[in-house]
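The values are calculated or read from the model by the stated rules, or taken from the named source; none is laboratory data. From a predicted model like this one, the values you see are computed outputs, not experimental measurements. Note that each Cβ is placed from the backbone with ideal geometry, even for glycine, and that neighbours are counted across all protein chains shown.
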Amino acid sequence: MKIPEPGDYIDIHTHEAKSNPGVFAVDILMVHEERVPADLPGIAYCAGIHPWFLNETNHPLLIKKVGELITHQSMIAVGEAGFDKLRGPSLEIQRIAFEEQTAISEKNRMPLVIHCVRAWDELLMEHKKLRPAMPWLVHGFRGSKDLALQLIKKGMYISFWFDFILRPESSELVRNLPSDRIFLETDGADVDIRDIYNKVSQDIGITVDELKGIIFSNYRDFFKTTIFN
Ligand SMILES: [Zn+2]
């Protein structure tokens, strides 16, 4: 199950997804959890090392697991991988694990899903250094318009933090970003993806069906190397 139906609400980043009619979810397997992909309708999977759960000891085993899980037929991307300056191990080990996961993403021709907290310089430096052919998606975004546009200019896609995007003050940001680079997500929180679509469609001034069409088309672009093979 890799491709949503055209009318689905796409939840681009969630955890422990359950089948939900009308919703297509991308479930993030953080490899330290030891979950494996299930064959459920409306659910595709990513696998990666979340920086919070990385350390010097588990690092080799976790990387091996990403390489193994990613070959499963329901996988569509590597991640979430990334940098966190508030929680997790040293930036040095985060950087090593990030570069290894980028290599897995490139080798398997799968996009990369990114967790980034207060480490935008590091992320942009890695992008410049690694020059990935696969697209990157920054999930849980809650930054400024300038930062969003900077990431988009480098070819990245953005999915907003659910709590941030439901607030009135995010409306202006959403209106000012190119809609062909955005995704919406629940991140496994107790929030309905339909409410997020409602809010964002109002922000942009389009119908929910039009927004579904845009996000569906973004999905096909972002995952084109994964879903058409
Ligand atoms: Zn997450």
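Can you tell me which condition PHE53 does not meet? The list is (1) surrounded by fewer than 20 Cβ atoms within 10 Å (Cβ to Cβ); (2) farther than 30 Å from ASP209 by Cα; (3) away from the ligand (no atom under 16 Å from the Cβ), and all the others hold.
That leaves (3) as the condition not met.
Could you tell me whether LYS224 is without any contact (Cβ under 8 Å) to a residue 24 or more places away in the chain and within 22 Å of LYS2 (Cβ to Cβ)? Break it down into steps so the answer makes sense when it comes.
Values: without any contact (Cβ under 8 Å) to a residue 24 or more places away in the chain: yes; within 22 Å of LYS2 (Cβ to Cβ): yes.
Yes, satisfied.
Being within 15 Å of the ligand (Cβ to nearest atom), over 20 Å from ILE227 (Cβ atoms), within 18 Å of the chain's Cα centre (by Cα) and of a type in the set (D, E, K, R) is the filter here; which residues of region 72-122 pass it?
Of everything in region 72-122, just one residue is within 15 Å of the ligand (Cβ to nearest atom), over 20 Å from ILE227 (Cβ atoms), within 18 Å of the chain's Cα centre (by Cα) and of a type in the set (D, E, K, R), namely ASP84.
Could you check region 123-229 for helices (runs of 4 or more DSSP H) lying wholly inside it with 1 or more residues that are more than 16 Å from the ligand (Cβ to nearest atom), among the β-branched types (Val, Ile, Thr) and more than 15 Å from the chain's Cα centre (by Cα)?
On the way: elements: 145-153, 162-165, 171-175, 193-204, 208-222, 224-227.
Here the list reads 171-175, 193-204, 208-222, 224-227.
Yes or no: ALA44 under 18 Å from the mean Cα position of the chain (by Cα) and farther than 19 Å from VAL117 by Cβ?
Working: under 18 Å from the mean Cα position of the chain (by Cα): yes; farther than 19 Å from VAL117 by Cβ: yes.
When the stated conditions are applied, ALA44 passes them.
Quick check: anything in region 49-70 at pLDDT 95 or above, among the small types (Gly, Ala, Ser) and assigned to a strand (DSSP E or B)?
no
When you look at VAL36, is it within 19 Å of ILE3 (Cβ to Cβ) and either in a loop (DSSP other than H, G, I, E, B) or within 15 Å of the ligand (Cβ to nearest atom) (or both), yes or no? Talk me through it step by step, then tell me what you get.
On the way: within 19 Å of ILE3 (Cβ to Cβ): no; either in a loop (DSSP other than H, G, I, E, B) or within 15 Å of the ligand (Cβ to nearest atom) (or both): yes.
The answer is no for VAL36.
Scan region 103-112 and give yes if some residue there is at positive phi and surrounded by fewer than 16 Cβ atoms within 10 Å (Cβ to Cβ), otherwise no.
Pass one, region 103-112, residues at positive phi: 109.
Adding the requirement that they be surrounded by fewer than 16 Cβ atoms within 10 Å (Cβ to Cβ) leaves 109.
Looking for residues that are at positive phi and surrounded by fewer than 16 Cβ atoms within 10 Å (Cβ to Cβ), one finds at least one in region 103-112, hence yes.
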